[in-house]
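Colleague: Sharing a structure here in structure tokens format.
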Amino acid sequence: IENLPLRARSLDFVWSNLALQWVNQPARAFGEFKRVLAPGGLLMFSTFGPDTLKELRASFAGADGHTHVNRFVDLHDLGDMLVHAGFADPVMDMECLTLTYADLRALMRDLKAIGAHNVTAGRRRGMSTRALLTAVERNYEQWRHDGRLPATFEVIYGHAWAPQARVTPDGRPVIEIKAVKK
């Protein structure tokens, strides 16, 4: 999505569901979305925010010096990227969803099943040791409640419009001029 194989201004609607968190440059993806949207076209997206898997991140942090959970971009930064890309009227929202698991291995199986994997700089190369996984399981237990382990997912939702050219009733373009105070 950082280099879409589509003509400029060829789409009226772009929907990106849980893909932005896997790109290296979300701002570049927004630029591509803007490029392929026709004037007045709508972009809608969802992605994960920084509180996603916060329990797992903290449990690994106490176990070794490597990063094990991806970092996700903050809602405010995503909104700024939309504005910088030239989108009009951006709206951002978020919610936290908590899934619960009987044990940490069930969470890790679910993450593996959806294709989630660690792509962070500083990640451990190769397989994790049994000792590391045991330490992470022990660290994760601090969040156990009612016999279940929580996994938080911060889901960010956004939408914005490709701006339309403004014209007067007789078809002449409107050019907005703003005074800049120094």
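Colleague: For the stretch 52-78, give me the residue count where each residue is of a type in the set (Ser, Thr, Tyr) and not in a helix (DSSP H, G or I).
Modeller: Qualifying residue count for the region: 2.
Colleague: Taking the residues in the stretch 3-28 that are of a type in the set (A, V, I, L, M, F, W, C) and over 14 Å from Ser46 (Cα atoms) as candidates, determine which candidate is surrounded by the fewest Cβ atoms within 10 Å (Cβ to Cβ).
Modeller: Per the criteria, the residue is Phe13.
Colleague: Return the pairs, sorted by first residue and then second, in which the second residue is small (Gly, Ala, Ser) and part of a helix (DSSP H, G or I), the first residue lies in the stretch 71-87 and is surrounded by fewer than 18 Cβ atoms within 10 Å (Cβ to Cβ), the beta carbons are less than 7 Å apart, and the residues are 6+ apart or on different chains.
Modeller: Listed by first residue and then by second, the contacts come to His84/Ala27.
Colleague: If we scan the stretch 19-27, do we find a residue that is outside any loop (DSSP other than H, G, I, E, B) and among the small types (Gly, Ala, Ser)? Spell out the reasoning first.
Modeller: Applying the first criterion (outside any loop (DSSP other than H, G, I, E, B)) to the stretch 19-27 yields 20-22, 26-27.
Now narrow it down to the ones that are among the small types (Gly, Ala, Ser): 27.
For the stretch 19-27, residues outside any loop (DSSP other than H, G, I, E, B) and among the small types (Gly, Ala, Ser): present.
Colleague: Something else: Return the pair list, or none, for Cβ contacts closer than 6 Å from residues in the stretch 99-122 that are surrounded by 15 or more Cβ atoms within 10 Å (Cβ to Cβ) to residues that are assigned to a helix (DSSP H, G or I) and charged (D, E, K, R), at least 6 apart or on different chains.
Modeller: Taking only residues 6 or more apart or on different chains, the pairs are Leu104/Glu137.
Colleague: Using the structure shown, decide if Gln142 is open to solvent by 60 Å² or more (accessible area, probe 1.4 Å), within 25 Å of Pro39 (Cα to Cα) and of a type in the set (S, T, N, Q).
Modeller: In short, no.
Colleague: Follow-up question, since we're still on this one. Can you find, within the stretch 147-176, the residue that is nearest to Leu107 (Cα to Cα) among those that are touching a residue at least 40 places away in the same chain (Cβ under 8 Å) and surrounded by fewer than 14 Cβ atoms within 10 Å (Cβ to Cβ)?
Modeller: Looking at residues that are touching a residue at least 40 places away in the same chain (Cβ under 8 Å) and surrounded by fewer than 14 Cβ atoms within 10 Å (Cβ to Cβ), I get Gly147.
Colleague: So Met92 ticks every box in (1) more than 16 Å from the chain's Cα centre (by Cα); (2) in a strand (DSSP E or B); (3) within 30 Å of Leu149 (Cα to Cα); (4) among the hydrophobic types (A, V, I, L, M, F, W, C) but one. Which box is left unticked?
Modeller: So the condition that Met92 fails would be (1).
Colleague: With the structure loaded, tell me whether Ser46 is within 17 Å of Leu4 (Cβ to Cβ) and in contact with a strand residue (DSSP E or B) (Cβ under 8 Å, 6 or more places away or on another chain) or whether it fails that test. Spell out the reasoning first.
Modeller: On the way: within 17 Å of Leu4 (Cβ to Cβ): no; in contact with a strand residue (DSSP E or B) (Cβ under 8 Å, 6 or more places away or on another chain): yes.
No, not satisfied.
The values are calculated or read from the model by the stated rules, or taken from the named source; none is laboratory data. From a predicted model like this one, the values you see are computed outputs, not experimental measurements. Ideal geometry is used to build each Cβ from the backbone, glycine not excepted, and the neighbour counts take in all protein chains shown. Surface accessibility is based on the protein's heavy atoms, side chains included, excluding ligands, DNA and RNA. Shrake-Rupley method; radii C 1.70, N 1.55, O 1.52, S 1.80 Å.
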